[in-house]
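Working notes, structure below.
Taken together, the values in this text are just the output of simple stated rules run on the coordinates, not laboratory data. Keep in mind the model is a prediction, meaning the values are calculated, not measured. Using ideal geometry, Cβ is built from the backbone for each residue, glycine included, and neighbour counts are taken over all protein chains shown.
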Amino acid sequence: MNPRIVLVVAQLTIREITRRRILWVLAVLSLASVALVGWGVDRMVSLSRENGVNAYELEIAVSQILILIAFMFSFVLAMSAAFLSAPAIASDVETGTVLAMVARPMHRADLVVGRWLGLALIVSVYAAGSGLLAIGVVRFISDYTPPSTALALAFLAFQAVAVMTLALALGTRLPGIAAGAVTVVLFGLGWFTGVLGSLSNAFGVRSMAGLGDAFRLLMPTDGLWRGVIYGLEPSQVVIATQQGGRLAASNPFFADAPPPMAFTVWCAVWIVLVLALGAWLFQRREL
Amino acid sequence: MTEMAIETRSLRKAYGSTIALESLDLLVGAGEVVGLLGPNGAGKTTAVKLLLGLVRKSGGEGAVLGRPLGDRAARARIGYLPELFRYQSWLTADEVLRLHAGLAGLPWPRQAAEFDRVLGLVGLADRRHDRVGGFSKGMQQRLGLAVALLGDPALVVLDEPTSALDPVGRDDVRSIIREAQSRGTAVLLNSHLLGEVERLCDRVVIVNRGSVVAAGTLGELLGESAVRIRVTGLPADLSPLAPFGPLAEEDGWLAIRPVDTERIPEVVATVVSMGGRVHAVDPARQTLEELFLDVVRGGERGGRP
């Protein structure tokens, strides 16, 4: 691999995305969403206070709303990451742009890794920026500050980068739309099996729980999402839910602990493996 | 010994049971301009992709600039204009060149002068800051040529470089190829435009159904030049015409074969001075188009060679 060429391709990727309308459309939509969320939270908090709801109850409610907002953002982010990165190489192949590029003295892996680097930077900045803005607006309106904003944003970006990596790798072999669609389906399945796994764990259904854990290793996005939740929920919620029995613990918008370190490391390894698989597939591809 | 730009022996490519290239024997010397001709689906683009390592060979041997096919060190000295291509529409012409200079590892200090040179060569110097998305197909093809010529490569592979160009553009491309040749660059020109190939190439290779069916210099392929004159009123003694070459009667035409084509006006003047009345003069050398159609249709009639 040639770091100089990786940087040239990363720079090209960043320039491409910032010059296309898609990023700015997403930014405007995100701002509009944050504004709408801000208005909604403000109304809810003001009217609830008028109805005599106490500060403790409000904090719990706002934290739950913030988790739902984060869920919406993580979903939008995952979709955006999938549909931005799936065509990153696939459309270059379809248009023939890639022919003149890979005929240069470069490894094809340089193109894949360069694309990944550029996309990872954009996706991470977007995740951190939009997440921080939403949390900031909620804090301004309701005075609620999540216990670990940095942890939540880091896992939000981590999840988006994982989705982006998968879409990019699939796009080295599949047409862009197909790669995007497969990624979205796998992301959805990941969330579903995560919820199913939590329920199975709570209800002691070991075989299903094992299946959920296995799929979480193959598609770790839901595990990373749990890290976002943990960073956003106040300790009172953790204690209350732990005391609320197994049904409360199986709530898909609750996490009683951050993802284990071993799992977080596995996610980083997973990204490297998926990227390496993409590079290998692209190296083998007849153009 | 001078390094060959391209050397392949029995190069073969199959996609599953479909044979894209049966057997390619191709030699391109340093500084030589060679035309690769063939009908659609003959395997020309596959051959080019094999040379650049874009696809893997199924058999045979090949070397480009003395290195194995697809070798990165060799690719650093190759310029390539693909047949079906599009450059990033959101980049300016200058940025496309900068991208390729970066990928090719062209040293920074050389880049600005190289961009000026190649953009000037293809006539895009005044459009260098315009986005490629606003370029016509012809302008994109010119930019493709500029990209291919970047860094003064030892070999330039041009896959249909004039397909989108008007006659002025084609003439420009001829000048560009001649200029590249004068700098010692070898050129492999893959084109459907036989007139272009005839005017530019030192040698021609015709491929049909994945195999080479004719190869050689234009002189070797097209045979000797001749002139045929439809004439009446000539005396029986034709000795004044004897110095121009052997005379023959062909289907009512007076033929001189071979003849120095430069002397055809002199032949006609002699015929007239002998009292002959000239009705038609036909420089009878076979054109490349005739040869091409002969070998391609002959191959079709005769089945797979």
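Observations on the model:
- A simple spin-label model places the labels of A:Ala150 and B:Thr232 10.6 nm from each other, with each point 7 Å out along Cα-to-Cβ.
- Highest-MSF residue in chain A out of A:Leu166, A:Leu273, A:Leu84 [GNM, Cα springs under 10 Å]: A:Leu273
- With N the number of residues in the range A:171-217, Rg(Cα) / (2.2 N^0.38 Å) evaluates to 1.44.
- Set of lysines near B:Lys13 by C-alpha distance (under 27 Å), chain-local residues within fewer than 8 positions excluded: B:Lys44, B:Lys49, B:Lys57
- Over the residues of chain A, the helix contribution to mean residue ellipticity at 222 nm works out to -29000 deg cm²/dmol, using -39500 (n - 2.57) for each DSSP H run of at least 4.
- Positive-end extreme of charge dipole, the protein assembly as shown - chosen from A:Leu156, B:Ala284, A:Ala61 (charges on Cβ): A:Ala61
- Orientation-averaged projection of the range B:172-305 equals 10.9 nm² [convex hull of Cα atoms, one quarter of hull surface area].
- Between B:Ala14 and A:Ala276, the FRET efficiency from the beta-carbon distance, with R0 = 30 Å, is close to 0.55.
- For the protein assembly as shown, the ratio of Cα radius of gyration to the globular rule of thumb 2.2 N^0.38 Å stands at 1.38.
- Placing dummy labels 7 Å off each Cα toward the beta-carbon, the span from A:Ala178 to A:Gln11 is 3.5 nm.
- Under Karplus coefficients 6.51, -1.76 and 1.60, residue-wise ³J(HN,Hα) of the range A:124-135 in Hz, glycine/proline x: 5, 5, 5, 4, 5, x, 5, x, 4, 5, 4, 5
- B:Glu95, B:Glu220 arranged by Cβ crowding within 10 Å, fewest neighbours leading: B:Glu220, B:Glu95
- A simple spin-label model places pseudo-atoms 7 Å from Cα toward Cβ; at A:Ser207 and B:Ala113 they are separated by 7.6 nm.
- Net charge, A:Ile22 excluded, C-beta distance under 14 Å - Lys, Arg +1, Asp, Glu -1: +3
- Average Cα contact separation per residue, the range B:43-83, under 8 Å, 6 or more apart, as relative contact order %: 33 percent
- Rounded to the nearest 10 degrees, the angle from helix B:108-122 to the longest Cα principal axis of chain B is 30 degrees.
- Cut-off under 5 Å, modelled amide H: who pairs with B:Ser211 long-range: B:Glu22, B:Ser23
- Between B:Gly62 and B:Arg9, B:Leu69, the built amide H atoms are under 5 Å apart, and every one of these is 5 or more places off in sequence or on another chain.
- Computed 3J(HN,Hα) for the range A:221-236, one whole-Hz value per residue from the Karplus formula 6.51 cos²θ - 1.76 cosθ + 1.60 where θ = phi - 60°, is 5, 5, x, 5, 4, 4, x, 5, 4, 4, x, 9, 8, x, 4, 4, glycine and proline marked x.
- With neighbour counts taken as other beta-carbon atoms within 10 Å, the residues B:Val268, A:Val37 rank, fewest first, as B:Val268, A:Val37.
- Cβ-to-Cβ counts within 10 Å put B:Trp253, A:Trp116, A:Trp270 in ascending order as B:Trp253, A:Trp270, A:Trp116, the fewest first.
- Relative contact order (percent, whole number), chain A, Cα cutoff 8 Å, 6+ residue spacing: 25 percent
- If you run the Gaussian network model on chain B, springs between alpha carbon atoms under 10 Å, then out of B:Arg230, B:Arg128, B:Arg98 the most flexible one is B:Arg230.
- The phi-based Karplus calculation (6.51 cos²θ - 1.76 cosθ + 1.60; θ = phi - 60°) puts the 3J(HN,Hα) values of the range B:261-272 at 4, 5, 9, 4, x, 5, 4, 4, 4, 5, 4, 5 Hz, whole numbers, x for Gly and Pro.
- Note on chain A: GNM, Cα springs under 10 Å; of A:Tyr126, A:Tyr144, A:Tyr56, the largest mean-square fluctuation is that of A:Tyr56.
- Average Cα contact separation per residue, chain B, under 8 Å, 6 or more apart, as relative contact order %: 20 percent
- On the basis of the beta-carbon distance and an R0 of 41 Å, B:His279 and B:Lys137 show a calculated FRET efficiency of 0.35.
- With Cα atoms defining each centre, the range A:124-189 and the range B:131-179 are spaced 43 Å apart in the structure.
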